[in-house]
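The values are calculated or read from the model by the stated rules, or taken from the named source; none is laboratory data. Everything quoted here is computed from the prediction, not taken from an experiment. Positions of Cβ are backbone-derived with ideal geometry, glycine not excepted, and every protein chain shown enters the neighbour counts. Keep in mind that these areas ignore ligands, DNA and RNA; they rest on the heavy atoms of the full protein, side chains included. Shrake-Rupley method; radii C 1.70, N 1.55, O 1.52, S 1.80 Å.
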Amino acid sequence: MPSVLRPIARKSLVSETIETLRRQIADGTWKVGELIPAEAVLVAQLGVGRNTVREAVRVLSRSQVLEVRQGDGTYVRKMIDPAETMERINAASFVDHLELHRSLDLEVVRLATQRRTEKDIKEIKACLKRRGERSQHREFETFVASDRALHMRIALATQNEALFELYRYFVISTEDRIKENIGLDNYPFTTFQAHVQMVQAIEEQDIKKATSSVMVIFKPLFDLVN
């Protein structure tokens, strides 16, 4: 597995070392299942200390890109680092982020419409009632939390754990991006009636009506940022 790596610049040794190791894996220099060079070799080729290499390997092991086998060596487990992927998503533009969130919402509502149970509908309606209109809530944060809870309960009705966890991340992430870019107080929350129509469509298992309601709910925000 002969590969010569360029020495690391001194600006951020651990992060630069992590990036270099990621590149070696992503471009196929070190393939999944293969043993990467020993620590001493990495230290010599990268021009960094042992602690820097150990920390970089530890970080990549935590995200399961690498696997350290005591007494054997360190092996590649994944080509793509999930942490890096999320970093890139977080660095994307506000509009890109919103478009991806809307796409997730469309899929969440589509699957929820197909798979919801009577228990799901009962709990979704309870969340809808608590959400209500903005004017019903004394505290703005309470309204935001109740809106979030409604959408999260719909996501739970998809019966898809992976989608639920990804959606949960985006719901919070979008709130953060809105705060940074336009201010949550300026967020054009769609009316209660639009959400009523969405929930009714999910209950009736009308996918076309349900996904159309998602576009209606997102429209005021896209009108604001476009």
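Assorted remarks:
- Cα-based shape type of the stretch 163-226, given that a ≥ b ≥ c are square roots of the gyration tensor eigenvalues and the cut on a/c is 1.5: oblate
- Computed [θ] at 222 nm, helices only, for the chain once each DSSP H run of length n ≥ 4 contributes -39500 (n - 2.57): -22000 deg cm²/dmol
- Accessible-area value, Thr211, 1.4 Å probe, nucleic acids and ligands omitted, Å²: 40 Å²
- Applying both filters, DSSP loop and at most 14 other Cβ atoms within 10 Å, to the GluC sites (Glu not before Pro) of the stretch 24-109 gives Glu34.
- Paramagnetic reach from Glu161 (point 7 Å along Cα→Cβ, amide N under 20 Å) across the stretch 63-82: 63-65, 82
- Histogram of C-alpha separations across the stretch 109-160, 5 Å bin width, %: 5, 24, 27, 19, 13, 9, 4, 0
- Using a cutoff of 8 angstrom between alpha carbon atoms and counting only pairs six or more residues apart, the relative contact order for the chain works out to 17 percent.
- Reduced Cα scattering model of the chain, Debye log10 I(q)/I(0), q = 0.15 Å⁻¹: -0.92
- Trypsin sites (Lys or Arg not before Pro) within the stretch 122-190: DSSP coil, no more than 12 neighbouring Cβ in 10 Å: Arg138
- Length, then width, then depth: along the principal axes, the Cα atoms of the stretch 120-220 run 35, 30, 23 Å.
- Just the protein heavy atoms count here, and of the accessible area of the chain at 1.4 Å, carbon and sulfur take up 52 percent.
- For the stretch 5-77, the fraction of alpha-carbon pairs lying more than 21 Å apart is 15 percent, rounded to a whole number.
- Placing dummy labels 7 Å off each Cα toward the beta-carbon, the span from Phe192 to Leu100 is 3.4 nm.
- With R₀ fixed at 25 Å, the C-beta to C-beta distance from Ala145 to Glu118 puts the FRET efficiency at about 0.45.
- Distance between the stretch 152-219 and the stretch 53-91 - C-alpha centres, whole angstrom: 33 Å
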